[in-house]
Amino acid sequence: MELRSYGDVSVVNPQRRSLAERLKRLRSRWMMWMLLIPVAGWMIVFFAFPQLLMLFISFMSQGVYGGIAYRFTLDNYIQMFSPVFLNVIWTSVEFSFVVTVLCLAVAYPFAYAVVTASPRRRMFLLFLVIIPFWTSQLIRTFALMFLINTSGLLNTLLLQLHVISQPLNLLYTPFAVYLGQFYAMLPYMILPLYASLQSHLESPEFLEAAQDLGASPAQAFWKITLPLTTSGIAVGSMLVFIPTLATFFIPLLMGGGKMEMVGNFIGNQFLSSDNWPFGASASVGVIAITLVLIALMFRFMKNAFLGES
Amino acid sequence: MSTAELQGRPTRSDRRRLASTSRIVTLASVYAFLYIPIIILILFSFNNSRLNATWMGFTTSWYGTLPDHPNMLNAAEISIVVTLGQTVISTVLGTMGGIALHRYRFPGKKVFVYFLYIPIVIPEVVLAVSLLLFFNQVSFPLGVVAMMVGHTTFTIPFVVLVVRAAMSGFDSSLEEAARDLGATEWQTLWKVTIPIILPGIIVGALLSFSQSFDDFTTSFFVDGMGNDPLPVYIYGLMRHGVSPVVNALAAIILAVTLIFALLGERIQRVGKLARR
């Protein structure tokens, strides 16, 4: 406890705390450890330790018959600069970038339209975004597969309307992978944009000031609204970009395994190619990239919030 | 007539009408995009045709044939066991962690919080292969228990997050009052803290449940032979091509997760109202 004023009789000298007070403190500390140790222990054993193990294995050699040979090597990290792996990384980065931009382009006007609705309707509109957010991504991916496969509803419809004469091969193409990832990620972009637009429009002083000073709606948007919602844009972009970078089952299902992202590449090292050490180094690489991106996001959020206040 | 109208420029009311039309178009097209695939998926689980492409009449027979499918009941059983088991563990541990993180300050807390939330942000495949490697190195058999452990590891952070948020609306002077009236720490926890944040705990449990029930990636890597839970089982069926049976199974999983989501929403809303 700090000294608040010299005249205060209740000022507590830590040395002279009563026994009861000290006992209470001790009990409270004990309770803290009781509450913390189980969850900390679980996460250390089943999360931190496996990651450290991964780091360790990433410096080991591949065994003759697959598996792991416990000999130190840097080969796995050197191998990361091979054209094959660089190509996989480049495909993933390009893919994630395009998906993020697409999500942003669709989600921003959408979130704006939701925010400007009447408060009661707004809750309902938002709820409609949260439902797909909660539902299984695997099932949502399957719903898309069902819709666009060669004998699916979309092709049947287009054939019957004589728009096309041959069914379109949409499924198992890069297009399908983009569509699937975009479909899965869109709600993740909408929600942070909504939050940031809402807090911006709840305090319309800046916009009113801009209007009073004769700014056109377009000018007001580009000069006021967009800069003030950068935190939402940054958070939404990261929430889309990071999971997309190492997406696993969407390329597998929508692309038929033809488009190999880094997530599939890692999975394959552990399943089919049986090169666990190389899979481990790739995995360490992905975590490193992810953590750097998250750190950037936090820095950006902090700056944006400081700028906003 | 205003000068704008005379000159053929858009007037203010024109602009407003255009804005409201484009708003409606934006809303409608995004919702259509989000919902049409799901609605069609469910609709065609009632389609009286093996070929799926056109509507041949209403039937519920695909749901009736589900139990006859080889391993289908086994997959459902595994899903339920894994999900319930991991929900209990993650809710208990996550709640304890959430309460502790709200109540206490300790050295290294910030680092610990970051550490706890990392599993939320790193890609799931990375988590899944690290668990596979871990189980392999400590010679722990893959299967139901391994899946439970894996799911618990990625759901605990969500429970901690939700419970901590519930605690932030909690008046800690109530705990203080209980202690001053002679309640032990343990009594304070059970009789004061937990009943008040119960809605938050339930929401955390529901979130944990639906995350686990839906999970594909982690299960895919650590389920071992013959222990496929429903999502992995469906994945196997999907690779053999589309069939209304898959639609029916998918519709059931959707329904289960939706019910839990709606329940969570409702509880959260009631909890917020009660706190006011």
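Given the pairs A:Lys24/A:Lys302; A:Lys24/B:Lys110; A:Lys223/B:Lys110; A:Lys302/B:Lys191, which are separated by over 32 angstrom at their Cα positions? Distance filter (> 32 Å) returns A:Lys24/A:Lys302; A:Lys223/B:Lys110; A:Lys302/B:Lys191. So what is the relative contact order for the range B:67-275, in percent, with contacts set as C-alpha pairs under 8 Å and at least six apart? It comes to 32 percent, rounded to a whole number. In whole angstrom, chain B maps to an equivalent ellipsoid with semi-axes of 39, 35, 19, each derived as √(5λ) from the alpha carbon gyration tensor and ordered largest first. Exposure proxy shown here: for B:His69, A:His200, B:His102, the number of other Cβ atoms within 10 Å sets the order, fewest to most, as B:His69, B:His102, A:His200. Subtracting the Cα-Cα distance of A:Ser272 and A:Leu23 from their residue separation scaled by 0.36 nm leaves 83.7 nm.
All C-alpha to C-alpha distances of the range A:16-94, sorted into 5 Å bins beginning at zero, yield P(r) values of 3, 11, 10, 11, 12, 11, 8, 6, 6, 6, 5, 5, 4, 2, 0 percent in whole numbers.
Take the Kirkwood radius over Cα pairs of the range B:37-144, plug it into Stokes-Einstein at 4 °C and 1.567 mPa s, and you get 69 µm²/s for translational diffusion. With all projection directions averaged, the alpha carbon convex hull of the range B:128-276 covers 11.7 nm². For chain A, the mean residue ellipticity at 222 nm estimated from helices alone is -23000 deg cm²/dmol, where every DSSP H run of n ≥ 4 contributes -39500 (n - 2.57) and the total is divided by all residues, rounded to the nearest 500.
At a Förster radius of 60 Å, what calculated FRET efficiency corresponds to the Cβ-Cβ distance of B:Leu262 and A:His162, to the nearest 0.05? Here the calculated transfer efficiency is 0.90. Once divided by 2.2 N^0.38 Å, the Cα radius of gyration of the protein assembly as shown becomes 1.09.
Over the C-alpha trace of the range A:44-85, radius of gyration and Dmax come out as 12.1, 36 angstrom.
Neighbouring Cβ atoms from other chains, within 10 Å of the Cβ of residues in B:28-41, number 6 on average.
Take each residue in A:102-115, count the other chain C-beta atoms within 10 Å of its C-beta, and the mean is 3. Could you tell me the relative contact order of chain A? Use alpha-carbon pairs under 8 Å, at least six residues apart, and round to a whole percent. RCO, chain A: 24 percent.
Inter-chain neighbour count for B:111-121: the average number of beta-carbon atoms from partner chains within 10 Å of each residue's beta-carbon is 4.
Both the radius of gyration and Dmax for the range A:81-308 are 20.8, 67 Å, in that order, over alpha-carbon atoms.
Taking the average, over residues, of other Cβ atoms within 10 Å as the packing measure, peptides A:96-104, A:240-248, A:217-225 rank A:240-248, A:96-104, A:217-225 from highest down.
Both the radius of gyration and Dmax for the range B:136-222 are 17.7, 52 Å, in that order, over alpha-carbon atoms.
Throughout, read-outs are computed from the coordinates displayed, never taken from laboratory work. Here the structure is a predicted model, which means the values were calculated and not measured. Neighbour counts are summed over all protein chains in view; Cβ atoms, including those assigned to glycine, are modelled from backbone coordinates with ideal geometry.
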